1. Say the cut-off is 29 Å between C-alpha atoms; which of A:36/A:138; A:98/B:132; A:68/A:191; B:132/B:247; A:7/A:138; B:168/B:209 go over it?
2. Can you compute the helix-only [θ] at 222 nm over chain B? Use -39500 (n - 2.57) per DSSP H run of at least 4 residues, normalise by all residues, nearest 500 deg cm²/dmol.
3. Going down the table (B:713/B:771; A:51/A:83; B:85/B:131), which pairs top 24 Å between alpha carbons?
4. Indicate the gyration tensor shape class of the protein assembly as shown (rounded, prolate or oblate), computed on the Cα atoms with a ≥ b ≥ c the square roots of the eigenvalues: a/c under 1.5 is rounded; otherwise a/b larger than b/c is prolate and the rest oblate.
5. In whole percent, how big is the carbon plus sulfur part of the accessible area of the protein assembly as shown, probe 1.4 Å, protein atoms only?
6. How much mean residue ellipticity at 222 nm does chain A get from its helices, if each DSSP H run of length 4 or more adds -39500 (n - 2.57) and you divide by all residues, to the nearest 500 deg cm²/dmol?
7. Take peptides B:36-42, A:279-285 and line them up by average Cβ neighbours within 10 Å, highest first, as a rough protection proxy.
8. Provide a whole-number value for the mean count of partner chain Cβ atoms within 10 Å of the Cβ atoms in peptide A:389-397.
Amino acid sequence: MSLLETKPLTGRVEEVGGPVFLEDYEAGGGYVAAKKAVTQMTPSEVIDEVKDSNLRGRGGAGFPTGTKWGFVPPGPSPDGGVKYLVCNGDEMEPGTFKDRWLISNNPHSLIEGMVIGAYAIGATKAYVFLRGEYFEPKSKLAKAIDEAKAAGYLGEGVFGSDFDLDFRIHSSGGRYICGEETALLNALEGKRAQPRNKPPFPPASGAWGRPTIVNNVETYCNVPSIIQNGADWFRDLGLTEDAGTKIYGVSGRVNNPGLWELPIGTTIREIIDEYAGGMQDGFRLRGLLPGGASTDFLVEEHFDLAMDYGTIQAAGSRMGTGTMILMDDSICPVDMSRNLQHFFAQESCGFCTPCREGLPWVESLLLDIEEGRGQPGDLEILDQNAQYIGAPGNTFCLHATGAIEPLQSALKYFRDDFERHIVEGRCPYRTNGNA
Amino acid sequence: MATFTVDGKQYEVEAGTNLLQAILSQSLDLPYFCWHPAMGSVGACRQCAVIQYQDAEDERGRLTMACMTDVQDGMIVSVEAAHAKDFRASVIEWLMENHPHDCPVCEEGGECHLQDMTVMTGHSVRRYRDKKRTWENQDLGPFIGHEMNRCITCYRCVRFYQDYAGGKDLGAFGSRSRMFFGRVEDGVLESEFAGNLVEVCPTGVFTDKPFSQHYTRKWDLQSAASVCPGCSVGCNTFASERYGVLKRLHNRYHNDLNKYFICDRGRFGSHFVNSQQRVRHAAVKANDGVFEYGDVNAALDRAVEILKHEDVVGIGSPRASMEANYALRQLVGEENFCRGLSDSERIVTDQACSILMKGGFKVPTVTEVEAADVVVVIGEDISNTAPRIALAIRQATRNVSFEMAESANIPLWQDAGVRGHAQHQRNALYVATSNSTRLDDIAEATVNALSDGITQIASQIAGQISGESHENTFVTSVAEALLAAERPLLVTGTSLRDPNVLNATAAIAWALRAKEKEPAMLIAGSEVNTFNTVVTCEGLTLNSALTRIADGASAVILENDLYRRAQSDSVDRALEGDGEVVALDVVESETLVKANVVLPAASYAEQTGTFVNYETRAQRFYQVFQPQDDIQPAWRWLSKIASRLGRTDASWTTVDEVSRSALAALPGIDASLEELAPTKDFRIEGEHRVARQTHRYSGRTAMNADVSVHEPKAPVDDETPYSYSMEGQNPGDQSGSVIPYSWTPGWNSNQSIFKFQAEVSGDLLGQSGGKRLFAVPSEPDAEVDKEFDFSVTQPTRPAADGLVPFPIHDVFGSDELSAQSWPVAQRAKGPYVLIHPDDAAVLSASAGSGVRSDALVGSFEVVIDDCVQSGSVGIAVGLNGRVEIPDRTIALVVDPDFEPRQLGDARVIAKS
């Protein structure tokens, strides 16, 4: 099989040896799928193909993409209003940098996937909501958009059909919460980046109150090859129940941190040992966050598990973005938890009480414990907060739930460390007061 | 209907009702913060968590936010489940991390919803060890105090200010645990509804600034049900006093009128009661022109002497009670009684009443205004003349958002979802006025013209509806929208003093009726009791009354500054002529100082009486506290004079008696006093009075110890169902007209009002008060002249030296009494005129510079308004003590010495 058939997301970049723009992209079969979808398929055929492929959202939640698209009322809106297709390129999850790579190196695959998605749901306006700091990806994407417009793949009459697609980039003002799809939509509308209650779900009432689909960059990038090669091919790519490839990433004290497109379901140990080059000398892997900062710790007993949605969930965590953060034995779990909670408390949008007021309390307790001011009972307060903040539904959105996942699992797997901090009145990982 | 179970007890509500609302409607206790009965749910505070069970077998259940849940048939929930209680205590613990522990010295203490909810959840031990966050506060102007450290980030303030009231200058800033609610920079909150923040804020972030200065607790206030005297809407209020000072007003829920909100003229406009301008003593003008006071009997004797004159004229007042006006009319006789309206106002108000009573149109309650689906405002700057109506119109434009939400399966109580889904879709609102208005931002279209032009536009709309064909797109789109409407509403008023505006609006309504529509028509009157004076009798015109006084007739002038009603020269002639004058008033005025006898009249807070609002709803207001010094209700002064004259037909001993006589004398109206409100003999359960004081009233304090260390005996109230003490009750199910304050055990704040309602936002348990004097006929009265002459004298650009004047009203300052309330006086602009930029250029006047005219009293600040017709000038009435404007073009010249008045200027009336 060609690289394009085993690595639909990154294969062409590997072949070209750098960022792929229109000429190279088309030479590798680019825009064939979009043209096929727009000129030869009905929207419902496109949605059915994506449903059949079992493509699941690559932003972290893993919701079936075709099913989501199917929620949008088909055909033109009775009131003549527009529908929107939005790409979530906010990528602010700590440890995650796969979307940046995709946009920078293979921007046309994103555009093509979005053209197909827009056609499928009948959207005439598409936005790529891009993380504010992504200057370089933005310039690459902008260049690709210009190329696609000039080629007639965007704008009025896409591929000479009567399908129009207005395609724009929106650079975020920069908040983690903008990665939450409804907060993203509020930010896109120029409002405070606070999540919205669901229902209404975006496919019914999203951007500017119109039917809207929001998907992750990697999700869209998968779509062209599904249309081109068929759902069966895509399903067969996966090693387990899940379909397709996944961009996995590893950060931490490994020999070769980075990103790799691998069949979904590759085991954690294989990713770390085969691709990330194993741990650096002198460091032992104690635990890892499998899919970004907002996922539960996995420990030794989990390292042979397959990285897919169901397996990782069964182990008590989430595959999330599929980009792991590794904690080796030199890192203090309390300090790492404090660092994570600092991030999440800072990135709370400030809307609901448990997240806004609970996370700073958690952070402050962790700081006390880390710096030797912990008191008996503090762990119970942490447990209680973790339980009340973390339970889905207790907070308005899932920000705090995600924030609590690493803490709750740290309290479970590394409880001895927490207790030692309090009993000894110091951080045992620090020598001479330094970490 | 849906049956749902709360902690083992079954209740029935409409399926789809919000669960929190349903639980509160059963009068159960469930803490909440971010939900508001008028603003729905957003799910921010997470305080109202309950356990929801899947079925009877489910023992564990799932924590759910009641405010974000629909009641479904068969639903089982628990408020009392341990997990729910623990979680709710946790939410309070989070909120209290940063909340100051200063309840004992916080002005909100004792009526703080946060304090109540903290006690209710049982949170009492502080475990959070970190420092509390602190903020710098802002100066938000004379009305609203700002103390951000107390904020619990419930978002209610911005939801009310921006979303509900359309304000632009208060926002949510920052993020995470550092959310700031305020303005971009220090400055006066612009919205005329800002005062509601005091009641909307669940704690003490936004406070009533004038009230804060008194260091008084809610439980130490002596209160009674009252009616706002600020405009013709008659919003219901709780008026509260201590130590002889009216301390504050709060909203008193009325199901058909103000519901949860009042405007700032009402809330902050009552401090005239405590003003240094108050008339406190009866006085007689001696031969040297100096008033002598101290002898009430001498004043009464002199008044009687004056009234023995063969020709006596009585001039009533649209701001005086029904009782006072009636007592004067009885005293002087109908043929000698003038209602006290200016002649131009009299004509337009008579026409308004004639249309209301005979036109056959529905006269909408405020609640019905909110339900309208197309609103057309014609010739009335309603945001300034009757602000509560404007707030209701703003809500009416949201009805389509609820329809859209319904078809998108978004629960109607899910505020952010409903608003987000509808975006900028609104019900059509059309505004035709002479100047820009604060409803323009939500209007489908606006048009600006002088009253002639507005009349023409309105008559064209009527014609278009009847089948004519006009080219003006405003005319055609209004006609089209009205014909498509299910609940069309026409809003107009008397402020332009042009009966043709009303006639043309009525013509639209009749044209709609001919098309099988049922239009509602609202006509805003100019003052609180304007419509009462109309239904009383026809009476003398003001100019004929003034002429008679100038010719030597004696006069009784009731609560009326005639300089606001007629041109100065004719008032001067009357008051400086041979006729002797007895004047009764609440505050000093130019008229009063020219009287021969002055009698100090009780303010509305110091007496019981009746006002008749724009719907002709007669509403009772009760004495909050007994007047001091020589002050007495005007009707009582007049009764005393009558009795000294041997006139038993014009003399009464209690207010109920005069009220009954006044109602009986209303021509063609069958209304008993009992239908308006409970009378003096009303007792709860047959024996208890309604207590003006709370049962936590502090009783004796050292405040008056310099006078006497003995606690004074509580006065006996012979005139109302209230007591002047803690003795009595306030059970909540008595008539809504005699609820003195809102309080129930555990609910010390105004949030307790739901315990007084049959269901949340439903009618009060004892029903909202008042009675409409006129039943609107279902068909137009045969006598009504429906053929008006709308021939228009086109406003032509006058000669270079002349501008056509028209009146504009300002919510702060145009109303006579509220303008003398010190917070309003500070908030009000100085006298100003609105002119078109072209005219400003011709005059070489810039915004903020000053102009004057020989035809006007004083200088005026120039305010540029693109919407004002070139060649005309809007004159803000009342701000210079004058309301009537010249009926001819006027020449403006720049006043080089003009200094615009600044906020808090020393020239404003000194605070009491």
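1. Check vs 29 Å cut-off fails for A:98/B:132; B:132/B:247.
2. After summing the helix terms and dividing by residue count, I get -7000 deg cm²/dmol.
3. From B:713/B:771; A:51/A:83; B:85/B:131, over 24 Å: B:713/B:771; B:85/B:131.
4. Judged from the Cα gyration tensor, the protein assembly as shown comes out prolate (a/c at least 1.5, a/b above b/c).
5. C and S atoms contribute 47 percent here.
6. Estimated from H runs of four or more residues: -12000 deg cm²/dmol.
7. B:36-42, A:279-285
8. 4
The values are calculated or read from the model by the stated rules, or taken from the named source; none is laboratory data. Since the structure is predicted, the reported quantities are computational estimates derived from the model, not experimental observations. Don't worry about glycine lacking a Cβ; one is built from the backbone with ideal geometry, like all the others, and counts go over all protein chains shown. Accessible surface is based on the protein model in full, side chains and every heavy atom, while ligands, DNA and RNA are left aside. Shrake-Rupley method; radii C 1.70, N 1.55, O 1.52, S 1.80 Å.
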